[in-house]
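The values are calculated or read from the model by the stated rules, or taken from the named source; none is laboratory data. As the structure is a computational prediction, the values presented were derived from the model and not from experiment. We place every Cβ from the backbone using ideal geometry, glycine too, and count neighbours over all the protein chains shown. Surface areas here come from the heavy atoms of the whole protein model, side chains and all, with no ligands, DNA or RNA. Shrake-Rupley method; radii C 1.70, N 1.55, O 1.52, S 1.80 Å.
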Amino acid sequence: MTRIIAIANQKGGVGKTTTCVNLAASLAATQRRVLLVDMDPQGNATMGCGINKMEVENSACEALLGEATAIEATVTAKAGFSVIPGNEDLTLAEVNLLQEIGREMKLKKALASVSDLYDFILIDCPPSINMLTVNALTAADGVLIPMQCEYYALEGLSSLLRTIEQVRDSVNSKLEIYGILRTMFDPRINLSNEVSMQLIEHFDRKVFRTVVPRNVRLAEAPSFGLPILLHDRSSRGAIAYLALAGEVLRREDERMAKAV
Ligand code: ATP
Ligand code: MG
């Protein structure tokens, strides 16, 4: 069964895109069929996969507006997984969607025709709660929330949690918090450990055991258009994202076992 996971946090620069690209690559490395959907007009995930966001024929914009099918908008990343790229056109899509009936459902509809082709669909969200993010949450089974363990981290979370609740109550009753991922973690900072403890108190088993450390190799990989696995597979960043993929797969196994 396909799992659709939106990677969201309206706070900017917390590691959403890094997580999306590297989790996609790590899952693909375990022979899972993966589609990454870039819903951010910044197009960072697209570029991070080695795809020139300015040169794509179709993008998530066309898929959302029904001007191309999801298949027509799909390209292949160097790391072997599929990508529906994103670029500035998504800003146009967001404006146009506002006038449409069923505007929250557009991505869900677009992905319906391809979801059987994949084990995982990962959606990279922009750093705001807008119609693009709402489309991602409507299409998703779960939300993976990357968080930096710093002072304002929890404060920013409440509006995302409220939006998740609203989407669940209106258009997507199955939406759950898939997991909270601690990113750019530095255990030498006391505050990081304190915030980390608070997250575990609050979200319990939803907090991934995998912690992504601050690692310069992760930050430089996008400039080569490569996920960390292809840039430096022995780096701490690569090991962390492989561990995260392992944890995701274990969760899926547990879910399947419960369902039987
Ligand atoms: P935005 O909100 O703008 O979309 P984002 O939440 O997608 O940002 P990223 O783009 O993934 O965040 O990360 C922000 C910056 O931090 C990038 O320059 C990225 O390379 C760097 N970065 C992300 N994770 C790590 C890490 N674990 N170690 C070091 N640098 C990191
Ligand atoms: Mg991003």
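In square angstrom, what is the accessible area per residue of the stretch 85-190 with a 1.4 angstrom probe? Before the final figure, lay out the partial values.
Details: 4680 Å² over 106 residues.
Ligands and nucleic acids excluded, the figure is 44 Å² per residue.
Can you compute the modelled spin-label distance between SER234 and LYS206, with each label point 7 Å from Cα toward Cβ, in nm?
Distance between the two pseudo-spin positions: 3.9 nm.
Using each residue's phi in the stretch 66-78, evaluate 6.51 cos²θ - 1.76 cosθ + 1.60 at θ = phi - 60° and report the 3J(HN,Hα) Karplus result to the nearest Hz, with x for Gly and Pro.
x, 8, 8, 7, 4, 5, 5, 8, 8, 10, 10, 7, 4
Count the net charge of all other residues whose Cβ sits under 14 Å from the Cβ of ALA79, scoring Lys and Arg as +1 and Asp and Glu as -1. Write down the numbers at each step before the final one.
Values: positive: ARG32, ARG33, LYS78, ARG233; negative: ASP232.
Residues close to ALA79 contribute a combined charge of +3.
When the chain is treated as a GNM, springs tying every alpha-carbon pair under 10 Å, which of PHE203, PHE185, PHE120 comes out with the largest mean-square fluctuation?
It is PHE203.
Only Lys, Arg, Asp and Glu count, each charged at its Cβ (+1, +1, -1, -1), so figure out the dipole size of the chain about its Cα centre, rounded to 20 debye. Could the numbers behind the result be given before it?
Working: 27 positive and 31 negative charges, 171 e Å.
Roughly 820 debye, rounded to the nearest 20.
What part of the accessible area of the stretch 178-260, given as a whole %, is carbon or sulfur when the probe is 1.4 angstrom?
Numbers: 2730 of 4870 Å².
Accessible surface attributable to carbon and sulfur in the stretch 178-260 totals 56 percent.
With θ set to phi - 60°, apply the Karplus curve 6.51 cos²θ - 1.76 cosθ + 1.60 along the stretch 86-97 and write out the HN-Hα couplings as whole Hz, x wherever there is a Gly or Pro.
x, 7, 4, 4, 5, 5, 5, 4, 4, 5, 5, 4
How long is the stretch 1-152 along each principal axis, judged by its Cα atoms, biggest number first, in Å?
Between the extreme Cα coordinates on each principal axis of the stretch 1-152 lie 38, 37, 31 Å.
If each DSSP helix of 4+ residues adds -39,500 (n - 2.57) and the sum is divided by the residues in the chain, what number results at 222 nm, nearest 500 deg cm²/dmol?
Details: 12 runs with 119 residues, N = 260.
It lands at -13500 deg cm²/dmol.
Out of LEU242, LEU90, SER158, whose Cα points farthest toward the positive end of the dipole of the chain (charges: +1 Lys, Arg; -1 Asp, Glu; placed on Cβ)?
Sorting the options by dipole projection puts first LEU242.
Let me check I've understood the local charge: for GLU252, count other residues with C-beta under 14 angstrom from its C-beta, Lys and Arg +1, Asp and Glu -1. What total comes out? Walk me through the numbers before you get to the answer.
Details: positive: ARG3, ARG32, ARG33, ARG250, ARG251, ARG255, LYS258; negative: ASP119, ASP141, GLU176, GLU247, ASP253, GLU254.
Here the count lands on +1.
Report the one residue of ALA60, ALA45, VAL143 whose Cα lies farthest in the direction of the positive end of the charge dipole of the stretch 1-144 (charges on C-beta: Lys and Arg +1, Asp and Glu -1; origin at the Cα centre).
The listed residue farthest towards the positive side: VAL143.
Return the equivalent ellipsoid semi-axes of the chain as a descending list in whole Å, where each equals the square root of 5 times an eigenvalue of the C-alpha gyration tensor. It would help to have the intermediate numbers written out before the result.
Numbers: eigenvalues 136, 91, 66 Å².
Those come to 26, 21, 18 Å.
For LEU36, enumerate residues with amide H under 5 Å from its amide H, sequence gap 5+ or separate chain, H modeled in the peptide plane.
Sorted by chain and number, the residues that satisfy this are SER82, VAL83, ILE84, LEU122.
Across the stretch 242-248, in residue order, what do the Karplus-derived ³J(HN,Hα) couplings come to in whole Hz, using 6.51 cos²θ - 1.76 cosθ + 1.60 with θ = phi - 60° and x for Gly and Pro?
Karplus-based 3J(HN,Hα) across the stretch 242-248 equals 5, 5, 4, 4, x, 5, 4 Hz.
If you take every DSSP beta bridge fully contained in the chain, what fraction is antiparallel? Give it as a percent rounded to 5. Don't jump to the answer; show the numbers that get you there.
Values: 2 of 28 bridges.
Beta bridges within the chain, antiparallel portion: roughly 5 percent.
Below 8 Å, C-alpha to C-alpha, sequence gap of six or more: please give me the relative contact order for the chain in percent. Mind dumping the intermediate values first?
Numbers: 512 pairs, mean separation 65.4, N = 260.
In percent, rounded to a whole number, it is 25.
Counting DSSP beta bridges in the stretch 1-144, what percent are antiparallel, to the nearest 5?
On the way: 2 of 18 bridges.
Percentage antiparallel, nearest 5: 10.
What whole-number volume per residue, in cubic angstrom, does the convex hull of the C-alpha atoms of the stretch 132-226 give?
On the way: hull volume 11.6 nm³, N = 95.
Given the Cα convex hull of the stretch 132-226, per-residue volume reads 123 Å³.
Hey, rough spin-label estimate for ASP116 and ARG103, points 7 angstrom out along Cα→Cβ, what's it come to in nanometres?
According to this spin-label approximation, the distance is 3.2 nm.
About the Cα centre of the stretch 1-155, what is the dipole size in debye to 20, counting +1 per Lys and Arg Cβ and -1 per Asp and Glu Cβ, all else neutral? Show your work: numbers first, answer last.
Numbers: 11 positive and 18 negative charges, 90 e Å.
For this selection, approximately 440 debye.
Given the Cα atoms of the stretch 183-260, and with Rh set as the inverse mean 1/r over their pairs in the Kirkwood sense, what is Rg to Rh to two decimals?
Numbers: Rg = 15.0 Å, Rh = 14.2 Å.
Here Rg/Rh amounts to 1.06.
Rank PHE81, LEU226, THR210 by how far each Cα sits towards the positive end of the charge dipole of the chain (+1 on Lys, Arg Cβ; -1 on Asp, Glu Cβ) and give me just the farthest.
Of the listed residues, the answer is THR210.
From Cα coordinates alone, what are the radius of gyration and Dmax values for the stretch 95-157 in angstrom?
14.1, 42
Could you pull out the trypsin sites (Lys or Arg not before Pro) across the stretch 99-197 that fall in loop regions by DSSP (anything but H, G, I, E, B) with no more than 13 other Cβ atoms inside 10 Å? Don't jump to the answer; show the numbers that get you there.
Numbers: sites: ARG103, LYS106, LYS108, LYS109, ARG162, ARG168, LYS174, ARG182, ARG188; in loops: LYS174, ARG188.
Passing both the DSSP loop test and the Cβ count: LYS174, ARG188.
Dividing the alpha-carbon radius of gyration of the stretch 55-96 by 2.2 N^0.38 Å (N being the number of residues), what value is obtained? Please report the intermediate quantities before stating the final value.
Working: Rg = 10.3 Å, N = 42, 2.2 N^0.38 = 9.1 Å.
The reported ratio for this selection is 1.13.
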